[in-house]
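Written below as structure tokens is the structure these notes are about.
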């Protein structure tokens, strides 16, 4: 790790307090947060015990917390079931006949599934899995699109104690094969086809190619999405979902599982080498995810909650499936792309279903912005009361557009920071309490001890850039990298090992700073911090300045070696679709713009205009690939999460020219 400080140049003075009407309707007050913070500061383990008591336990735990650097255990000896906590607890209440999931397909089909119906379908699939020989502790791979059955599959696995490994439905057969084989999955749940952007995606066909090289797979279960398309089925291995579950009773009892029983494996890409299987267990994950939903989304009985993520990512696990369902919320699922067939589709969905909470990615927001205001203005968005962002820092100008155009200056925005590895939201505003500055995730939730530190572990001064760490393990953290404890230790715990001052810090990989209000500003991945003329700059701040220009939709900034400055900044910029510009004139205009916004030291040395940027399928810009293109014109390492290779090819051709 570099010993030099990270310079922070971004300045943002706008501040927004929650409205009196929002505060009046919320059950979470400033006194609530003060009480939680007091308890957490006195005894953080007792704090999490208090939160764990909100779950249904078949048997209470014997040991609250065990720490053996870098491995943790929470609530050992306690017995629970997360499927039970999402479904069964609601059946004796008024929620039994309440909508659990409202699903809209890309072609416009709508299905509503109540908690009673969801419970029955989950139990039927769980019974079918047991009938096929799937046992507690077995891994079940799930390779599906955005259909309610994907959530049912996860809950059915949780019900019997099988470990689910959800693999994004856009992955290739090679990616699918690697994730199945690494996890040693014994069963694959998939579907014949999925729909996206007007096309059928042949999931079963891809699965067949992968399974041919997956010796541990004994059975596959196929959900029939299309009644008209032919799907080849291998006798003895492949089973239609509807046939397997047809005669099941739908009332199978949940397995009583230890709190540390594995719940799921979820693979994230490494910069090189094979993807990491992030390994989460049951009790701690359920405790913190449930807690975060209540605090961050201010969840209410009448809410219709719409998260635009895919179930194949951690956001889909925590904030489409488990978190909202533990609270008995109504979850809206949409199958397709939110800008298809027109850029107004997402706003039409919100109006049609009276959505009250929208949780989406800054990348998506900037995409909506690029089409202009006419699409959101064409729909009635008055049902919205809370907006959220996830996946990466949101730049202030995108925040302001989201707040004014979508929220009509009336909806708090919760800018959430967390990771696949943390399992649940760690840093976020509390919408009924926090005064929000656009562009910052604000402060850690009570119970989360996060800080910005120097390389020696000491806390940074106000507005001094440093390294974002978690100083005490929390219940929802991943327990290890599946099958590779050493990789887990080296990746997350080796930068700040235990010493006489602390028990070891979890290093998030992000650079950050704290302002005078205690807000934490994420400055980007430490890998993206560059040295320019003796200043270590977070490229996220330069990107934010670029996107603040009214004609810019998106920007990614990387560095290449420079003999004079150490590094030269290269900006890849996508312009708004309505923008008309001369590239040469706009190049200089944007350089001057950045100089005015955050200082001349941050002016890009070169600006390259592009139609699209290389992104993961969850919408994150893959800056590593941009660095490789600039450095060598070639790509190495893991590209399995890349959404569209044509974006990369276009940039590569520019480099050759």
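Is it the case that residue 503 is in a loop (DSSP other than H, G, I, E, B), more than 21 Å from residue 400 (Cα to Cα) and modelled with pLDDT of 85 or more?
Against the criterion (in a loop (DSSP other than H, G, I, E, B), more than 21 Å from residue 400 (Cα to Cα) and modelled with pLDDT of 85 or more), residue 503 qualifies.
In contact with a strand residue (DSSP E or B) (Cβ under 9 Å, 6 or more places away or on another chain) and surrounded by fewer than 17 Cβ atoms within 10 Å (Cβ to Cβ): does that describe residue 483?
Answer is yes for this residue.
Being closer than 21 Å to residue 586 by Cβ and in a loop (DSSP other than H, G, I, E, B) is the filter; apply it to region 526-574 and report the residue that is modelled with the lowest pLDDT.
548
What number of residues within region 330-361 are in contact (Cβ under 8 Å) with a residue 60 or more places away in the chain and either under 16 Å from residue 146 (Cβ atoms) or crowded, with 18+ Cβ neighbours inside 10 Å (or both)?
14
Might you check whether a residue that is modelled with pLDDT of 95 or more and within 29 Å of residue 108 (Cβ to Cβ) occurs anywhere in region 210-222?
Yes, region 210-222 contains at least one residue that is modelled with pLDDT of 95 or more and within 29 Å of residue 108 (Cβ to Cβ).
For region 92-99, indicate whether the set of residues that are touching a strand residue (DSSP E or B) at 6+ places or on another chain (Cβ under 8 Å), in a helix (DSSP H, G or I) and surrounded by fewer than 22 Cβ atoms within 10 Å (Cβ to Cβ) is non-empty.
yes
Among the residues of region 461-478, write down those that are surrounded by 19 or more Cβ atoms within 10 Å (Cβ to Cβ) and out of contact with any helix residue (DSSP H, G or I) (no Cβ under 8 Å at 6 or more places or on another chain).
465, 466, 468, 469, 470, 471, 473 - these are the residues of region 461-478 that are surrounded by 19 or more Cβ atoms within 10 Å (Cβ to Cβ) and out of contact with any helix residue (DSSP H, G or I) (no Cβ under 8 Å at 6 or more places or on another chain).
Which is modelled with pLDDT under 95 and assigned to a loop (DSSP other than H, G, I, E, B), of 391, 466, 447?
391
Condition test on residue 423, is it surrounded by fewer than 24 Cβ atoms within 10 Å (Cβ to Cβ) and assigned to a loop (DSSP other than H, G, I, E, B)?
No: the conditions fail for residue 423.
I'd like the residue in region 368-388 that is in contact with a strand residue (DSSP E or B) (Cβ under 7 Å, 6 or more places away or on another chain) and modelled with pLDDT under 95 and, out of all such residues, is surrounded by the fewest Cβ atoms within 10 Å (Cβ to Cβ).
Within region 368-388, the match that is surrounded by the fewest Cβ atoms within 10 Å (Cβ to Cβ) is 370.
Taking region 394-411, which residues are closer than 16 Å to residue 19 by Cα and either part of a helix (DSSP H, G or I) or within 20 Å of the chain's Cα centre (by Cα) (or both)?
Once the filter is applied, which keeps residues that are closer than 16 Å to residue 19 by Cα and either part of a helix (DSSP H, G or I) or within 20 Å of the chain's Cα centre (by Cα) (or both), region 394-411 yields 403, 404.
Somewhere in region 279-288, is a residue in contact (Cβ under 8 Å) with a residue 12 or more places away in the chain, part of a helix (DSSP H, G or I) and either farther than 23 Å from residue 74 by Cα or in contact with a helix residue (DSSP H, G or I) (Cβ under 6 Å, 6 or more places away or on another chain) (or both)?
Checked against the condition, which is being in contact (Cβ under 8 Å) with a residue 12 or more places away in the chain, part of a helix (DSSP H, G or I) and either farther than 23 Å from residue 74 by Cα or in contact with a helix residue (DSSP H, G or I) (Cβ under 6 Å, 6 or more places away or on another chain) (or both), region 279-288 yields at least one hit.
Pull up region 187-208, narrow it to residues that are closer than 14 Å to residue 226 by Cα and in contact with a helix residue (DSSP H, G or I) (Cβ under 7 Å, 6 or more places away or on another chain), then point me to the one that is surrounded by the most Cβ atoms within 10 Å (Cβ to Cβ).
The selected residue is 190.
Would you tally the residues in region 575-613 being part of a loop (DSSP other than H, G, I, E, B), out of contact with any strand residue (DSSP E or B) (no Cβ under 6 Å at 6 or more places or on another chain) and closer than 18 Å to residue 539 by Cα?
Final tally of qualifying residues: 2.
Which condition number does residue 316 fail, the rest of (1) assigned to a loop (DSSP other than H, G, I, E, B); (2) at pLDDT 95 or above; (3) out of contact with any helix residue (DSSP H, G or I) (no Cβ under 6 Å at 6 or more places or on another chain) being met?
Single failed check for residue 316: (1).
Identify, please: which residue in region 249-271 is touching a strand residue (DSSP E or B) at 6+ places or on another chain (Cβ under 6 Å), modelled with pLDDT of 95 or more and buried (at least 23 other Cβ atoms within 10 Å of the Cβ) and is, among those, farthest from residue 423 (Cα to Cα)?
Result: 259.
Could you identify the single residue in 349, 365 that is touching a strand residue (DSSP E or B) at 6+ places or on another chain (Cβ under 8 Å), at pLDDT 95 or above and part of a helix (DSSP H, G or I)?
349
Based on this model, can you work out whether residue 34 counts as closer than 23 Å to residue 448 by Cα, at pLDDT 95 or above and either in a helix (DSSP H, G or I) or under 27 Å from the mean Cα position of the chain (by Cα) (or both)?
Against the criterion (closer than 23 Å to residue 448 by Cα, at pLDDT 95 or above and either in a helix (DSSP H, G or I) or under 27 Å from the mean Cα position of the chain (by Cα) (or both)), residue 34 qualifies.
Right, residue 325: surrounded by 23 or more Cβ atoms within 10 Å (Cβ to Cβ), closer than 30 Å to residue 63 by Cβ and either touching a residue at least 12 places away in the same chain (Cβ under 8 Å) or in contact with a helix residue (DSSP H, G or I) (Cβ under 9 Å, 6 or more places away or on another chain) (or both) or not?
In short, yes.
Taking into account only those residues within region 223-247 that are surrounded by 15 or more Cβ atoms within 10 Å (Cβ to Cβ) and under 19 Å from residue 336 (Cβ atoms), which is modelled with the lowest pLDDT?
Among them, the one singled out is 225.
Go through the residues of region 592-607 one by one and say whether even a single one is under 31 Å from the mean Cα position of the chain (by Cα) and at pLDDT 90 or above.
The answer is yes; a qualifying residue exists.
Among 47, 75, 71, which is closer than 18 Å to residue 428 by Cβ, surrounded by 12 or more Cβ atoms within 10 Å (Cβ to Cβ), modelled with pLDDT of 95 or more and under 26 Å from the mean Cα position of the chain (by Cα)?
47
The values are calculated or read from the model by the stated rules, or taken from the named source; none is laboratory data. None of these values were measured; they are calculated from a predicted model. Reconstructed Cβ throughout: ideal geometry from the backbone, glycine too, with neighbour counts over all protein chains shown.
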